[in-house]
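Chemist: There's a structure below that I have some questions on.
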Amino acid sequence: MIDTLTSRSWVEVDLDALSYNLNKLLALLHRETSLMAVVKADGYGHGLVAIAKQCQKLGVKAYAVATIDEGIKLRKVGIHGEILILGYTHPIRARELSKYHLIQSIVDYNHAKMLSRCNCTIDVHIKIDSGMHRLGFAVDDYQKIIKLYKYKNIKIKGYFTHLCVSDSNKKADILYTKNQINQFYQLISRLKQDHYYIGKIHIQSSYGLINYPKIKCDYIRIGIFMYGVKSSINDYLKQELDLKPVLSIKSRIAMIHNLSKGESLGYGLTYQAKYDSVIATIPIGYGDGIPRQISTRGHVLIKGIKCPIIGRICMDQMLVDVSEVNDLDNNEIVIIVGNDGHNEIRIEELAQAAKTISNEILSQIGNRLPKVYVGGKGF
Ligand SMILES: *Cc1c(COP(=O)(O)O)cnc(C)c1O
């Protein structure tokens with residue numbers, strides 16, 4: 001456990017907020033639908049193991065990861081539900097899939113053929129490409145799909161597809177999504193008619209759950225909403241969600257100094273003081289996952305006041321104009337993302353300033369920053 005009294009900068013993960021979000025999301029599911037917790041990319045930067053363990057305490061029985069190593073890590077810490085690997089796994093690792101009871105997504109026919117050559121049995125879900133054109137069998141690849149049933153080493157346990165514009169309310173995007181859903185169901189019906197075993201089916205992720213709530217699948221793969229945030233501030237949601245951000249990013253003031261009117265600071269001297277200013281140096285930078293693109297566009301919270309980030313963000317530090325804040329000292333806590341009870345900086349704001357989505361910022365945070373977990377006891 002790290003000590004927030006001495007740490008230079010850190011990430012705070014609120015496990016009670018995670019439980020709150022999970023309960024809100026679970027309440028939206030049809031009775032026959034289960035939640036598959038998407039914990040890829042180190043649990044969207046929140047810590048793979050801690051997030052999965054909290055989900056398990058709350059009764060979650062299915063997980064999705066991107067890589068085989070994330071899956072193995074979950075098994076080693078005692079996660080015993082289903083674990084689906086969403087992405088590609090090299091066939092040379094087939095035995096590990098079997099040993100750790102991981103479910104592999106089959107991305108195309110060759111992938112299945114190569115995996116089947118191992119001397120073991122592997123559980124798989126077949127990925128169907130209904131229009132994203134990233135991974136999976138085309139919906140009209142019927143002959144190839146049914147050939148998969150001949151491979152004795154491959155046990156088909158499910159089918160899934162992924163929506164690519166379910167976060168939009170443009171007419172064309174809604175039509176596109178409805179077509180994706182229909183195409184997927186048509187394929188499933190045809191397989192059923194021909195008496196092939198289907199297993200579990202799943203289509204939606206976070207935005208699909210809210211914007212296409214009528215679908216009744218076995219699973220919904222929930223990532224970003226479990227972490228209590230939207231991908232972008234302006235994303236369309238059919239129904240407003242009451243979720244709590246799970247992650248905060250905090251730092252502390254390393255040094256306070258004066259900058260006279262007309263003086264410049266930082267790499268490239270890109271900022272020039274318009275008035276006699278007080279500047280704080282904060283020991284966090286792009287090496288910690290703070291995007292350099294928010295230089296001069298982002299803010300931090302100090303004593304409840306939003307202070308502008310000025311000059312270029314450095315690898316390990318950044319500079320903030322604290323002229324508006326009184327009685328400041330070294331060590332004062334700085335909130336980069338989070339809530340101090342009076343004011344809040346949302347990850348969506350930071351993502352907007354960086355011209356990206358919350359998901360990208362979250363997955364980049366914390367390779368160097370230590371994580372502190374709060375809550376999570378009462379379950
Ligand atoms: C990442 C991912 C998800 C989770 O998406 P969110 O929008 O974060 O809920 C679901 N399915 C697949 C295939 C993914 O790659």
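Readers should treat all values here as calculations from the given coordinates under stated rules, not as data from a laboratory. Values in this document were obtained by computation on a predicted structure and should not be read as measured data. Ideal geometry is used to build each Cβ from the backbone, glycine not excepted, and the neighbour counts take in all protein chains shown.
Chemist: Take the Cβ-Cβ distance between Lys170 and Asp141 as r, set R0 to 41 Å, and report the resulting FRET efficiency rounded to the nearest 0.05.
Modeler: 0.90
Chemist: Another question, if that's okay. Within region 1-83, which GluC sites (Glu not before Pro) sit in a loop by DSSP and count at most 16 neighbouring Cβ atoms inside 10 Å?
Modeler: Answer by residue number: Glu32.
Chemist: Taking amide H atoms as placed 1.01 Å from N in the peptide plane, list the residues 5 or more away in sequence, or in a different chain, whose amide H sits under 5 Å from that of Ile106.
Modeler: The answer is His125, Ile126, Lys127.
Chemist: Alpha carbon centre of region 165-211 versus region 49-114: separation in Å?
Modeler: Comparing the Cα centres of region 165-211 and region 49-114, I get a distance of 23 Å.
Chemist: Considering the convex hull of the alpha carbon atoms of region 122-233, report its projected area averaged over all viewing directions, in nm², one decimal.
Modeler: Projected over every direction and averaged, the Cα hull of region 122-233 covers 7.7 nm².
Chemist: If you average 1/r over all unlike Cα pairs in the chain and invert the result, what Kirkwood radius do you get in angstrom?
Modeler: Every distinct Cα pair counted, the radius reaches 22.6 Å.
Chemist: At 0.36 nm per residue, and after removing the present C-alpha to C-alpha distance, how many nm does the segment from Leu58 to Glu240 gain when stretched out fully?
Modeler: Extra length available between Leu58 and Glu240 comes to 63.2 nm.
Chemist: Can you give me the orientation-averaged projected area of the convex hull built on the Cα atoms of region 240-307, in nm²?
Modeler: Over every viewing direction, the Cα hull of region 240-307 projects on average to 6.6 nm².
Chemist: Semi-axes of the equivalent ellipsoid of region 104-165: what are they in whole Å, largest first, if each equals the square root of 5 times a C-alpha gyration tensor eigenvalue?
Modeler: Ellipsoid half-lengths, sorted descending, are 21, 11, 9 Å.
Chemist: While we're on this one: Tilt of helix 48-57 relative to the longest C-alpha principal axis of the chain, in degrees (0 to 90, nearest 10)?
Modeler: Approximately 60 degrees, to the nearest 10.
Chemist: Just to verify a number: FRET efficiency for Thr6 and Asp276, C-beta to C-beta distance, R0 = 30 Å, to 0.05?
Modeler: 0.35
Chemist: Next question, about the same structure. Compute log10 of I(q)/I(0) for region 1-54 with the Debye formula, placing one identical point scatterer on every Cα and leaving out solvent, at q = 0.19, 0.21, 0.25, 0.26 Å⁻¹, to two decimals.
Modeler: Calculated log10 I(q)/I(0) at the listed q: -0.77, -0.88, -1.08, -1.12.
Chemist: Using a simple spin-label model with points 7 Å from Cα along the Cα→Cβ vector, what separation in nm is obtained for Arg190 and Asn258?
Modeler: It is 7.7 nm.
Chemist: Please grab the % of Cα pairs in region 33-84 that end up more than 12 Å from each other.
Modeler: Result: 56 percent of Cα pairs exceed 12 Å.
Chemist: With a cut-off of 19 Å, note down the residues of region 29-69 whose backbone N falls inside the zone around a label point 7 Å from the Cα of Met114 toward its beta carbon.
Modeler: Of the residues in region 29-69, 66-69 have backbone N under 19 Å from the label point off Met114.
Chemist: Distances longer than 23 Å among the Cα atoms of region 1-109: what percent of all pairs is that?
Modeler: Looking at region 1-109, the distances longer than 23 Å represent 36 percent of pairs.
Chemist: Starting from the Cα of Lys171, draw a straight line to each of the lysines and keep only those under 29 Å, dropping any in the same chain fewer than 8 residues away.
Modeler: Answer for Lys171, where 29 Å is the Cα cut-off: Lys24, Lys127, Lys214, Lys216, Lys230, Lys238, Lys355, listed by chain and number.
Chemist: Relative contact order of the chain: what whole-number percent is it, with Cα pairs under 8 angstrom and at least 6 residues apart?
Modeler: After rounding, I find 19 percent.
Chemist: Grab the beta carbon distance between Met315 and Asp340, set R0 = 30 Å, and tell me the FRET efficiency rounded to 0.05.
Modeler: With a Förster radius of 30 Å, E is 0.70.
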